[in-house]
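Here is the structure we will look at, set down as C-alpha cells.
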2 protein chains.
Amino acid sequence: MARKANTDELADRLHSTAIHLLRLVRAQDAATGVGPARLSALSVIVFGGPVSLNDLARAEQVRPPTMSRIVDALEREGLARRRTNQQDRRAVVIEATQKGAQILKQGRQRRVKYLAGYLRRLSAAEQKQIENAVQAIQKALAR
Amino acid sequence: MARKANTDELADRLHSTAIHLLRLVRAQDAATGVGPARLSALSVIVFGGPVSLNDLARAEQVRPPTMSRIVDALEREGLARRRTNQQDRRAVVIEATQKGAQILKQGRQRRVKYLAGYLRRLSAAEQKQIENAVQAIQKALAR
DNA sequence: AACAATAATTAGCAAGGCTAATTAAATGCC
DNA sequence: GGCATTTAATTAGCCTTGCTAATTATTGTT
C-alpha cells in the first residue's frame, strides 16, 4: 500500500540525511581534544547535573564498566570528579569540574556555529521548515 | 543580531535531534551481526559499486589502514572481495558478494521499517514537513 | 547473624580509530 | 634504460571504546 511505502521512503531519506549531517559536524569535535564517548558523557553531567555511574551509563546507553573507564579518563584529564554518595556509600556521584564545563561549552559552541554556517545558506522559509520538522521528529521519537 | 541567534538555536536542536534519531535506529543494526564500520563500508560498495580502497576510505572518512582492516573482516565474513585492478596493479577493487548485498539490504530494510514505525505516528502534514526539511537540509549541506 | 541484592570496579577480549614504516607498482626525468 | 619519486596498499603497534564475567564493598532482608 502506498502510504506505508511513502513512510518507508521518508524514513530512509531522513536516516541518511541524519548520518550525513552528523558526519559533517563530528569533525569539529576533534578540536576539543576530547574523544567522542568522553565528550558525550561530559555533556550529560554538564547539562544534567551530578549523577550516579549507573545512571550515566544508562543515559549514554553503555554498560557500567564502559562508563567507569570513561569517567576514569575524564578524571585523569581534570574534566570531572567522583564523589561517594553519603546516603549509599556503594555509589558514586559524578560531576563536571569548571574546566570540564568550560571545554564542553566551547566545543558545543563550535559545533553549533559550524552547522549554523550551513543552515544560514537557506531562506527563512526553509529554516522554518526544518524547525517544524525537528518538532515533528521529536514528537515521533518521544516515549 | 536576532537572525543569527535563531540559526544557532536551530542548529543546536537539529543536531541533538539527529543524535537522538541515530541512537535509536542503531540498535537495530545489531541484528545483522555485522559491526557498524563494516556495515557502513559494505553499504558504500553495495549501493555505489566497486571502488578502490583509498576511495572507500575517503568515502567513510577513515584512513586507508583502518579501511584495509575493515575490508579484511568483510572478506573473512564472505561479504566482500578484493580484486587487483589490472590497469594499476598497486590498487585493489573492492566489491560486495551476493551474500554481502543480501545482508546489507535486509539490515537496511530493518532499520528503515523501524524508523518508519515511529514516523507513522505522525499526520500526513507532519510527514510532509519532514520531507521538506530533508530536502532543505540536503541542499544546505551540499558543497 | 547470615544471605541476597546492588553499585562499582577489575580483568580480559574485540572492534575500530590513528600514525609511522614497509612493500610493490607506476611515473618522471635525465 | 635506469634511477628517483610518487602512489596504493599493507603491516606493526598504539589508544579508545564497546562487551561479559568475576570481584569487592555496601546495603537490605529475614
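The figures follow:
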{"quantity": "Whole-angstrom gap from segment B:15-87 to segment A:1-59, using each part's C-alpha centre", "calculated": "19"}
{"quantity": "Cut-off under 5 Å, modelled amide H: who pairs with B:VAL92 long-range", "calculated": "B:LEU53, B:ASN85"}
{"quantity": "Ellipsoid equivalent to segment A:1-139 - semi-axes via the Cα gyration tensor, in Å", "calculated": "35, 20, 13"}
{"quantity": "Size of electric dipole in chain A: Cβ of Lys, Arg +1 and of Asp, Glu -1, about Cα centre, debye, nearest 20", "calculated": "180"}
{"quantity": "Lys, Arg +1 and Asp, Glu -1 on Cβ, resulting dipole of the protein assembly as shown about Cα centre, debye, nearest 20", "calculated": "40"}
{"quantity": "With Cα atoms, 0 to 90° folded angle of helix B:64-76 axis to chain B main axis", "calculated": "70"}
{"quantity": "Helix B:124-141 vs. chain B, principal-axis angle (Cα, 0 to 90°, nearest 10)", "calculated": "60"}
{"quantity": "Electrostatic dipole magnitude of segment B:1-56 [Cβ: Lys, Arg +1; Asp, Glu -1; Cα centre; debye, to 20]", "calculated": "100"}
{"quantity": "10 °C / 1.306 mPa s Stokes-Einstein diffusion coefficient of segment A:26-94, Kirkwood radius on C-alpha pairs, µm²/s", "calculated": "129"}
{"quantity": "Folded to 0 to 90 degrees: helix A:36-48 orientation relative to chain A principal axis, Cα", "calculated": "80"}
{"quantity": "Chain A, relative contact order [Cα under 8 Å, separation at least 6], %", "calculated": "23"}
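Every number here is computed from the coordinates shown, using simple stated rules; none is lab data. Quantities reported herein were computed from a predicted structural model and do not represent experimental measurements. In this analysis, Cβ positions are derived from the backbone assuming ideal geometry, glycine residues included, and neighbour counts consider all displayed protein chains.
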